[in-house]
């Protein structure tokens, strides 16, 4: 016998209607196709091209060239120079008889003068370099302390301080509290004609200091190549004091100063008779030197109230006959440790009267 069926047909999936399943398959296929198109389809974008903007027409201005009229005949004016003639100080021509045995005279060199090292800045106070046989100079100012501070000082006190220093044998400890110039000058002579006092501080590099209550101190060796006996003649404005081998041998100055500088007096009758520069000379004590044996020598000169400053030191050798000056006194040579150069003489002759001394004769105090 045949079994009777239940009237239902079999679908694709068991238990699910066949229409629903078919619809699901169709939708799944559609989604798959769409996904493939999104992933694998490459969209080629069209490349953008830059198109420049159209040029803008700007109005142009017409410039006119400047017109300059130039004369063809015009020429530059020639330059002119102003030429001036400078008169150099001329030295007087002093001709004296040769003094044999006492000096070498003017020897060698250009123009009859020795060629010596350049002394740097030249003044009547000396040069900036030593040549060995010279004197070292320092300026002391008693109006200032060692650091440049002002010190109460009057004329009487200044001269008392100066006298104490001289009577102590030029002992530098007496000046310890006072100002001294760091700059040194070196000289081979003591021929400082009367000049304005401010030139002294200026020469030593301290032009800002006052030109009074100061003095210049020189120290060196006095020596000669042979035995010699001599003495100094000299002047000082406002004063000069000379010390040789610890002994005072000369002092001079204006009368008011000598009342307080009373530690030495000349014993010669010719003192205060003959003029040199702006004063009458004092005659010093006799000095004897042994050949080649040096002794210490110091001197100082300076100003106390301002005005002028001067120092002139001459030499008289025992047994030598000297020509006479217009005043009737001996025409003596200047003290020197080296022959004068032309530049030195020109500096001295600017301020020194003629015919009162000579520079070309006399001994040169050195050991050669």
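The values are calculated or read from the model by the stated rules, or taken from the named source; none is laboratory data. Only a predicted model underlies this, so the values are computations on that prediction, with no experimental measurement involved. Here the Cβ is made from the backbone with ideal geometry for all residues, glycine too, and neighbour counts use every protein chain on show.
Points to keep in mind about this one:
- Filter pass, residue 254 being touching a strand residue (DSSP E or B) at 6+ places or on another chain (Cβ under 9 Å), under 23 Å from residue 156 (Cβ atoms) and at pLDDT below 95: yes
- Unique match (being modelled with pLDDT of 95 or more, surrounded by 20 or more Cβ atoms within 10 Å (Cβ to Cβ) and over 21 Å from residue 155 (Cα atoms)) among 309, 317, 242, 295: 242
- Within the stretch 274-319, the residues that satisfy the criterion of being touching a helix residue (DSSP H, G or I) at 6+ places or on another chain (Cβ under 7 Å) and not in a strand (DSSP E or B) are 304, 305.
- Inside the stretch 267-292, residues that are over 15 Å from residue 240 (Cα atoms) and modelled with pLDDT under 95 make up a count of 1.
- Being buried (at least 18 other Cβ atoms within 10 Å of the Cβ) and out of contact with any strand residue (DSSP E or B) (no Cβ under 6 Å at 6 or more places or on another chain) is a property that does not hold for residue 173.
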